[in-house]
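Nothing in this text is a laboratory measurement; each read-out follows from the coordinates by a stated rule. Note that the structure is a prediction, hence the values are computed from the model and not measured. Note: ideal-geometry Cβ built from the backbone for every residue, glycine included; neighbour counts use all protein chains shown.
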Amino acid sequence: MISLSDDQVRDLLPSPERAVELMHETLLALAGGSASVTPKSQVVHEPGGFANAMPAAWPERGLLGVKWVVVTPSNREHGREMIGGLMVLSGADGSTRATMDAAELTALRTAAVTGASLALDDRPIAFLGTGVQARSHARVIEALGRGPLTVWGRRADALEALRAWCAEHTPDLELRTTTGRAAALAGAGVVISGLPIGLQDSALSPGDVAPDATLLPIDYASVAGAEISRTGTVVADDPEQFESLRPLKHGEDYPRATGATGDLLRDGRPDGLVVAQNLGSGLGDVVLADVVARGAGA
């Protein structure tokens, strides 16, 4: 068994292009039922803090593993990371192939699922938020040649930091930034939202975006709230997990998913507004962890 740090994982992860291809395959597997996954199992360990277990298996590919993610809000008071995670990858015989830190893995998986979902809509992209996922998504969007990318943020200093980072790490991506949300949304066919989960003042109204926009939230209902989602088609990377989370994380009045994101990738996008919820299926983590482990010789 090997154990890998985040720095080692970063060096062994597949390219953004390859990660998108793998997440496309993963979304199709989730839609087709060839993988075995369960909704996230959650325990609470402090006020506002929780831990999730995310097991997944893909028998026909011999893949089996679980990601353990711990969210500890009180860490912010002590200058420590709020989110920690560990990936455990098992062999087909039940032995442990590898363990690895999960931060870099999760960042790429989330953005690569978005990247795979971009096949649904080739129109201009707006990203709401300036955090870690803005950077991960910039890498993927550059790799796919899908610029320009317009990023909205409330703080000019955060946007400037993002511009500096992208100038170094994604030099071929045309990046546009603005503190005006309406300006970011104007002309955007695709809206990716990466704001903190649980925000109460950031939900879109139907008139804020095109009536046939594609919303790709990674922040649950913070931006793609119930009001606008009821006007279109809602799908999810993992519909079973979505239904288990919907009452708690999205709200009882949030519409149910009518299918999987993989269904639309296979069969085509319906007319009108589409909301494709990227919840973070453990299967995507297992698939990428397998690439990392193979690269490390495990």
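One table, with the values for the structure above:
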quantity: Phi to ³J(HN,Hα) by Karplus 6.51 cos²θ - 1.76 cosθ + 1.60 over the stretch 177-193, Hz, x for Gly, Pro; calculated: 10, 7, 9, x, 5, 4, 5, 5, 7, 4, x, 7, x, 10, 10, 9, 10
quantity: Fewest-first ranking of 169, 24, using other Cβ atoms within 10 Å as the exposure measure; calculated: 169, 24
quantity: Helix axis angle, 16-32 relative to the chain longest principal axis, alpha carbon, degrees; calculated: 80
quantity: Added length on full extension, which subtracts the Cα-Cα distance from 0.36 nm per residue, residue 45 to residue 68; calculated: 6.9 nm
quantity: Helix 103-117 axis, angle to the chain major axis (alpha carbon atoms, nearest 10°); calculated: 50
quantity: GNM flexibility winner over the chain from 275, 70, 191 (Cα, springs under 10 Å); calculated: 70
quantity: Reciprocal mean inverse distance between Cα atoms of the stretch 114-277 - Kirkwood radius, Å; calculated: 15.9
quantity: DSSP-defined antiparallel bridges as percent of all bridges, the stretch 1-102, nearest 5; calculated: 90
quantity: Those residues of the stretch 193-216 whose amide nitrogen sits under 17 Å from the label point placed on residue 122, 7 Å along Cα→Cβ; calculated: 214
quantity: Cβ charges +1 (Lys, Arg) and -1 (Asp, Glu), total dipole of the chain, debye; calculated: 200
quantity: Nearest 10 degrees, 0 to 90: helix 132-143 Cα axis against the chain principal axis; calculated: 90
quantity: At R0 = 22 Å, FRET efficiency that the Cβ-Cβ distance of residue 6 and residue 294 yields, to 0.05; calculated: 0.75
quantity: Estimated 222 nm signal from helices in the chain, with DSSP H stretches of n ≥ 4 weighted -39500 (n - 2.57), rounded to 500; calculated: -10000 deg cm²/dmol
quantity: Residue-wise HN-Hα coupling along the stretch 49-54, computed from phi with Karplus coefficients 6.51, -1.76, 1.60 (Hz; x: Gly, Pro); calculated: x, 7, 10, 10, 10, 10
quantity: FRET efficiency, 1/(1 + (r/R0)^6) with R0 45 Å, evaluated for residue 96 and residue 186 via beta carbons; calculated: 0.35
quantity: Dipole in debye (nearest 20) - the stretch 114-277, about Cα centre, beta carbon charges: Lys, Arg +1; Asp, Glu -1; calculated: 320
quantity: Approximate spin-label separation residue 165-residue 75, in nm, with each point projected 7 Å along Cα-to-Cβ; calculated: 1.7
quantity: Calculated FRET efficiency for the pair residue 176/residue 61, C-beta based, R₀ 41 Å, to 0.05; calculated: 0.55
quantity: Cα centre as origin, Lys/Arg/Asp/Glu Cβ charges: the stretch 164-217 dipole, Debye; calculated: 120
quantity: Listed residue (68, 19, 95) projecting farthest to the positive dipole end of the chain, Cβ model; calculated: 68
quantity: Residues whose placed amide H lies under 5 Å from that of residue 259, excluding near-sequence neighbours; calculated: 236
quantity: Cα-Cα separations in the stretch 13-117 greater than 17 Å, expressed as whole percent; calculated: 62
quantity: Exposure rule at most 16 other beta-carbon atoms within 10 Å, DSSP loop trypsin sites (Lys or Arg not before Pro): the chain longest free segment; calculated: 1-79
quantity: Of 125, 217, 178, farthest towards positive along the dipole that unit charges on Lys, Arg, Asp, Glu beta carbons give the stretch 114-277; calculated: 178
quantity: Relative contact order (%) - criterion: Cα under 8 Å, at least six apart; region: the stretch 114-277; calculated: 22
quantity: Virtual spin-label span in nm between residue 154 and residue 86, 7 Å along Cα→Cβ; calculated: 3.5
